[in-house]
Amino acid sequence: MSKDRLGHTVFGANTYHLKQVLVDFAAGQSLELDFEFMANLGVGSDSVSVALHTGDAHVANNYQWRDRALVYDVVNRKKQTFVGVAWLPTTVRSIS
């Protein structure tokens, strides 16, 4: 889950929604997952939270939760100047 500097959720995904079935594994075994996504975020400080849980939300059977596991600053180096939390590719044309 990605949050902006005010703590508002910008984006969230999990294995349940991505239809990634996790097989049972024994105590002591480790599992590594790699999530990749395109983040067209607005300038500012954001964070990523991670959780280990079952089901579609982290409120039930939550085994581990790391709020603000990664905090980072977003800078705009290649996009047009914009206002807001996300950059949406936009075009404009004259209709007259």
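Residues in the range 1-27 that are more than 15 Å from residue 64 (Cβ to Cβ), part of a loop (DSSP other than H, G, I, E, B) and of a type in the set (Gly, Ala, Ser): 7, 12, 13, 26. Among the residues making up the range 59-91, those that are at pLDDT 85 or above and hydrophobic (A, V, I, L, M, F, W, C) are 69, 70, 71, 74, 75. Across the range 29-57, the number of residues qualifying as modelled with pLDDT under 85 and at positive phi comes to 1.
Yes or no: the range 68-75 includes at least one residue that is closer than 24 Å to residue 89 by Cβ and of a type outside the set (A, V, I, L, M). Yes, there is a match, as at least one residue in the range 68-75 is closer than 24 Å to residue 89 by Cβ and of a type outside the set (A, V, I, L, M).
The values are calculated or read from the model by the stated rules, or taken from the named source; none is laboratory data. A quick note: this is a predicted structure, and the numbers were derived from the prediction, not measured. Here the Cβ is made from the backbone with ideal geometry for all residues, glycine too, and neighbour counts use every protein chain on show.
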